[in-house]
Amino acid sequence: MNKNHTLVFDNLTHTVTFDDNTLTLNPLSFRLLETLADNPEEILSVEQLISKVWQKTNVSPETLKQRVFVLRKSIEEANILGLTIQAIRGEGYRLIIEAPNNVTSSSLKVRPSLFSIKRNALFKSIALILVLLVIFLFITKGWYGLSSVESSTNNRVVLWTNMQPHDIPKAAAGVYEQWYTLLSKESAEGRLQLVLSDRLNDVLIPIQARKNNAAIISYFEIIETNKTTIIRLSIIEPRTAAILRIDTIDLKSNSNLEKTLKSQVDGILALVSSGKLYLSKQQREYTQSPIWGQLKRLANPT
């Protein structure tokens, strides 16, 4: 059990106590808060946090951003005052710890009981509508039709680039055209649905991917350094922004280019046809879950 100022961390139960208030977190959120609390008011870079929280697992800054969002929500829902996770643009994150009696009333979010009552009534209404919808489908389509709806799979592959296609430098444009052609061919033959979408840098990957109803994200990233152009091609699980596969293509030595692109296509097809992309909440939040090893093996066929 570790104590940081007024915070007490229990590593066995993943609970955090702050001035007699107790909060139970999932392992990732627990490690993130503990790492921030070990360095109170000190700005920790994105790289430092990813290294300490995820250790040997390769994740994107977007995954960290989403995890901070989840942790903030957990603290807020537990009505714990005095813990603030600040995002410092271009630098990272830091934890501000204040005594609850120093937190001004203007900083609190008022949640009237009437709102809670209305919200509960709304959830019950939605649940009733869903039940009626299932009954309707059962009556109109029969059990076979309902099973067909449930067994349908999402094979939408969203192709993102870090720049507009018409702005891609000439050295990388040919590779992008090859990649787009390969995905388009698979889409035309019905093995996947190719979706072109602009990557919005100010929107979290899971939120934007949900709007695109993405099963997999193919991220075509162009990096220009010292007059050298490098392509980084990634396969990303959209709901967590976890990188399942990443290939770096050096345009000066691209002898294995066709093999690499073909292998990436095979990995995407294996993922969308596996039925393993519908992750539970526990699987999404626990990076040591066996599902991540399975997904990475599918994304990296031999």
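Can you tally the net charge around Glu285? Count Lys and Arg as +1, Asp and Glu as -1, for every other residue whose Cβ sits under 11 Å from the Cβ of Glu285.
Numbers: positive: Arg67, Arg239, Lys281, Arg284; negative: none.
Net local charge, Glu285 excluded: +4.
Quick check on the exposure proxy: order Trp54, Trp179 from fewest to most C-beta atoms within 10 angstrom.
Working: Trp54 18, Trp179 22.
By the 10 Å Cβ count, ascending: Trp54, Trp179.
Go through the stretch 42-98 and name the trypsin sites (Lys or Arg not before Pro) that are in a DSSP coil and have 11 or fewer other Cβ atoms within 10 Å of their Cβ.
Numbers: sites: Lys52, Lys56, Lys65, Arg67, Arg72, Lys73, Arg89, Arg94; in loops: Lys56, Arg89.
Within the stretch 42-98, the qualifying trypsin sites (Lys or Arg not before Pro) (loop, at most 11 other Cβ atoms within 10 Å) are Lys56, Arg89.
Can you pull out the chymotrypsin sites (Phe, Trp or Tyr not before Pro) in the stretch 219-302 whose DSSP state is coil and whose Cβ has at most 15 other Cβ atoms within 10 Å? Intermediate values should be presented prior to the final figure.
Values: sites: Tyr219, Phe220, Tyr278, Tyr286, Trp292; in loops: Tyr278, Tyr286.
Answer by residue number: Tyr278, Tyr286.
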Quiz item: For the stretch 156-299, what are the per-bin percents of Cα-Cα distances with bins 10 Å wide, up to the bin holding the maximum?
Solution: 11, 42, 35, 11, 1
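Provide the gained length on full extension for the span Ala87 to Asp38, in nm with one decimal, where the gain is 0.36 nm per separating residue minus the Cα-Cα distance.
Numbers: separation 49, 0.36 × 49 = 17.64 nm, distance 1.68 nm.
Computed gain between Ala87 and Asp38 is 16.0 nm.
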Quiz item: Hey, which of these cross-link pairs are over 18 Å Cα-Cα: Lys276/Lys296; Lys227/Lys262; Lys170/Lys262; Lys185/Lys262; Lys73/Lys281?
Solution: Lys227/Lys262; Lys170/Lys262
Practice problem: Determine which residues of the stretch 209-237 fall in the zone a paramagnetic label at Ala173 would reach in this model, i.e. backbone nitrogen under 12 Å from the point 7 Å along Cα→Cβ. | Solution: none
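If each residue's Cβ is checked for other Cβ atoms within 10 Å, how do Thr161, Thr6 rank with the fewest at the top?
Details: Thr161 21, Thr6 16.
The order, fewest Cβ neighbours first, is Thr6, Thr161.
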Quiz item: Binning every alpha carbon pair distance of the stretch 2-100 at 5 Å from zero, what are the percents per bin?
Solution: 2, 13, 27, 28, 19, 9, 2, 0
Practice problem: Find out how many positive minus negative residues lie around Val265, taking Lys and Arg as positive, Asp and Glu as negative, among other residues whose Cβ is under 12 Å from that of Val265. | Solution: 0
Quiz item: Roughly what would the spin-label model give for Asn79 and Ile223, points 7 Å off Cα along C-beta, in nm?
Solution: 4.8
Practice problem: Can you put Asp20, Asp38 in order of Cβ neighbours within 10 angstrom, beginning with the fewest? | Solution: Asp20, Asp38
Quiz item: How many nm separate the modelled label positions at Ser184 and Lys276, each set 7 Å beyond the Cα in the direction of the Cβ?
Solution: 3.2
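A short reminder: the numbers here are calculations on the coordinates, not readings from a lab. Computed from a predicted model, the values in this text were never measured in an experiment. Neighbour counts run over all protein chains shown; Cβ positions are idealised from the backbone, glycine included.
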